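Since the structure comes first, as structure tokens, the remarks are kept for the end.
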Amino acid sequence: MTKYIYTILSNPTSPDDEETYNTWYDGTHLHDALDIRGFVSAQRYRVPDEFAEAATWRYLAIYTIDTEDIAGTLAELMDRVDTDAMVISPSIDRDNAHSAPFAPWGPLVTAD
């Protein structure tokens, strides 16, 4: 199996929707994605407040996917979007979200 990471950069639709967005993302969406074969972990990140004004996206989700068929795994994800298996909250700014899969490139380098 090959391990991939799948990244999602996104924002809530407005500052007023931020709490709803985070509650949905953390409590529902991450778990819906992890129900897909090959998705093995998920973690979200947030740009620190002191850098937020300059950030295009405030939130990053990183999923680890373990599969030999990344195209098929991501096709299954897309097939679930906007179904009962993966309800998408109106609090996410879908028009400006960005996602991409990444495959390992080169060795892992660590500090001595």
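Readers should treat all values here as calculations from the given coordinates under stated rules, not as data from a laboratory. No experiment lies behind these values; they were computed from the predicted model shown. Note that we place each Cβ from the backbone using ideal geometry, even for glycine, and neighbour counts take in every protein chain shown.
Quick check: net charge around ALA55, other residues with Cβ under 13 Å of its Cβ, Lys/Arg +1 and Asp/Glu -1? Don't skip to the answer; put the middle values down first.
On the way: positive: ARG46, ARG58; negative: ASP49, GLU50, GLU53.
So the surrounding residues net to -1.
In whole angstrom, note down how far apart the Cα centers of region 30-61 and region 63-112 are.
Result: 11 Å between the Cα centres.
Between ALA52 and ASN96, how many nm apart are label points set 7 Å from Cα along the C-beta direction?
The answer from the label model is 1.4 nm.
Calculate, for THR28 and ALA71, the FRET efficiency according to 1/(1 + (r/R0)^6) with r their C-beta to C-beta distance and R0 41 Å; round to the nearest 0.05.
Efficiency at R0 = 41 Å is approximately 0.95.
In a GNM of the chain with a 10 Å cut-off on Cα contacts, which of ALA71, ALA42, ALA85 has the highest mean-square fluctuation?
ALA71
Could you tell me whether the chain comes out rounded, prolate or oblate from its Cα gyration tensor? Rule is a ≥ b ≥ c as square roots of the eigenvalues, rounded for a/c under 1.5, then prolate if a/b exceeds b/c, otherwise oblate.
The shape class here is oblate.
For ILE5 and LEU108 in one chain, what is 0.36 nm times their gap in residues minus the Cα-Cα distance, to one decimal in nm? Could you put the intermediate results ahead of the total?
Details: separation 103, 0.36 × 103 = 37.08 nm, distance 1.39 nm.
Result for the pair: 35.7 nm of gain on full extension.
By count of other Cβ within 10 Å, fewest leading, how are PHE39, PHE51, PHE102 ordered?
Ranking PHE39, PHE51, PHE102 by Cβ neighbours within 10 Å, fewest first, gives PHE51, PHE102, PHE39.
State, in angstrom, two size descriptors of region 57-112 derived from its alpha carbons: Rg to one decimal place and Dmax to the nearest whole number.
14.9, 48
Based on other C-beta atoms within 10 Å, arrange ASP112, ASP26 from fewest to most.
So the residues, fewest neighbours to most, are ASP112, ASP26.
Once you put a point 7 Å from the Cα of ILE62 and another 7 Å from the Cα of SER89, both along the Cβ direction, what distance in nm separates them?
Label at ILE62, label at SER89, 2.2 nm between them.
Using a 10 Å cut-off around each Cβ, can you sort GLU53, GLU76, GLU19 from fewest to most neighbouring Cβ atoms?
Ranked by crowding around the Cβ, least crowded first: GLU53, GLU19, GLU76.
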